[in-house]
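Following: one structure in structure tokens, then a few remarks.
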Amino acid sequence: MLAIEATHILGAPVVVTYAGSPVSWHFYGQFSSEPGNPGDRSVELVGRFKEMWTPVVRFAEEKGVQLALDCAVRMGNIACNPEMWERILDAIPSDSLGLSCDPSHWLWMGILPAEDAIRMFDGKWYYADVKDCEISPRMKFRQGIIGNWWWQYRVPGRGQLNWGTITGALQESGYDYVLCVENEDRGAPGLEGFALGGRYLRQFL
């Protein structure tokens with residue numbers, strides 16, 4: 001609530017936040033098991049999200065602030081894929097509740113093409129926290145998907161995403177706000193990496 005109040009006072013339009021998850025990213029339960037398996041808590045957690053977030057969303061509506069749910073998964077976040085985005089947005093229908101676009105996560109999760117994910121949620125992208133991603137087939141072969149080094153985050157232009165079509169899809173979906181370069185690129189650290197990513201993106205704008 002304090003973040004929404006501060007955003008309203010500053011005249012900024014968006015708060016980027018997480019939907020959260022008390023069970024990290026294991027809310028679907030055991031891998032390769034049918035929906036509704038004993039460990040599947042996805043429906044329960046959407047219900048908990050609705051209960052806890054409805055007053056937050058209503059407060060954002062009163063203040064004229066939009067909430068953009070981040071799509072990262074590893075730190076525990078149920079709003080991490082199209083199925084869960086649908087469930088969450090259906091649970092609390094509101095112009096004040098939307099999504100933050102960061103397709104770097106979609107690349108290593110296999111949610112591709114990123115442009116299709118963007119177009120599926122036309123009008124619901126309230127922020128674009130952008131970074132790229134690089135997948136190493138050799139390390140994926142050695143570690144499988146449970147490993148650490150088979151994918152790495154990159155600044156836009158140093159990974160494998162097509163930013164021409166991604167920015168085009170965002171524009172077509174009605175997005176008209178910032179592209180905020182998020183730099184977690186080990187090969188282009190600090191301000192150098194931010195500048196590199198910014199220069200690369202400008203060609204598409």
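The values are calculated or read from the model by the stated rules, or taken from the named source; none is laboratory data. All of these numbers come straight from a predicted model, not from anything done at the bench. Neighbour counts run over all protein chains shown; Cβ positions are idealised from the backbone, glycine included. Please note that ligands, DNA and RNA were not included when accessible areas were found on the heavy atoms of the full protein model with its side chains. Shrake-Rupley method; radii C 1.70, N 1.55, O 1.52, S 1.80 Å.
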Given (1) open to solvent by less than 40 Å² (accessible area, probe 1.4 Å); (2) in contact with a strand residue (DSSP E or B) (Cβ under 9 Å, 6 or more places away or on another chain); (3) of a type in the set (A, V, I, L, M), number of the condition Ile111 does not satisfy: (2)
Pairs with Cβ under 7 Å, 6+ apart, first in segment 38-49 and closer than 10 Å to Arg87 by Cβ, second open to solvent by 30 Å² or more (accessible area, probe 1.4 Å): Ser42/Tyr28; Val46/Arg87
Identity of the residue in segment 1-47, open to solvent by 40 Å² or more (accessible area, probe 1.4 Å) and among the aromatic types (Phe, Trp, Tyr), that ends up nearest to Trp125 (Cα to Cα): Tyr18
Looking only at segment 60-76, and only at residues there that are part of a helix (DSSP H, G or I) and under 19 Å from Ser100 (Cβ atoms), the one that is nearest to the chain's Cα centre (by Cα): Ala60
Residue count, segment 77-99 (criterion: in contact with a Phe, Trp or Tyr (Cβ under 7 Å, 6 or more places away or on another chain), surrounded by fewer than 21 Cβ atoms within 10 Å (Cβ to Cβ) and in a helix (DSSP H, G or I)): 2
Residue in segment 48-55 that is at pLDDT 95 or above, in contact with a strand residue (DSSP E or B) (Cβ under 9 Å, 6 or more places away or on another chain), crowded, with 21+ Cβ neighbours inside 10 Å and not in a helix (DSSP H, G or I) present: no
Flag if Val65 is touching a residue at least 60 places away in the same chain (Cβ under 8 Å) and closer than 30 Å to Gly159 by Cα: no
Which listed residue is touching a helix residue (DSSP H, G or I) at 6+ places or on another chain (Cβ under 7 Å) and on the phi < 0 side of the Ramachandran plot, from Asn183, Asn162, Asn148: Asn183
Selected residue (only one of Tyr175, Tyr153, Tyr127, Tyr200 is hydroxyl-bearing (Ser, Thr, Tyr), more than 23 Å from Pro82 (Cβ to Cβ) and in contact (Cβ under 8 Å) with a residue 40 or more places away in the chain): Tyr200
Pairs with Cβ under 6 Å, 6+ apart, first in segment 11-27 and under 14 Å from Met84 (Cβ atoms), second open to solvent by less than 30 Å² (accessible area, probe 1.4 Å) and of a type in the set (D, E, K, R): Tyr18/Asp70
Inter-residue pairs, beta-carbon under 7 Å, first free of Cβ contacts under 8 Å to residues at least 40 places away in the same chain and in segment 68-84, second of a type in the set (S, T, N, Q), 6+ apart: Cys71/Ser100
Residues of segment 174-205 classified as of a type outside the set (A, V, I, L, M, F, W, C) and crowded, with 18+ Cβ neighbours inside 10 Å, total: 6
When residues of segment 131-150 are limited to those that are open to solvent by less than 30 Å² (accessible area, probe 1.4 Å) and at pLDDT 95 or above, the one nearest to the chain's Cα centre (by Cα): Lys131
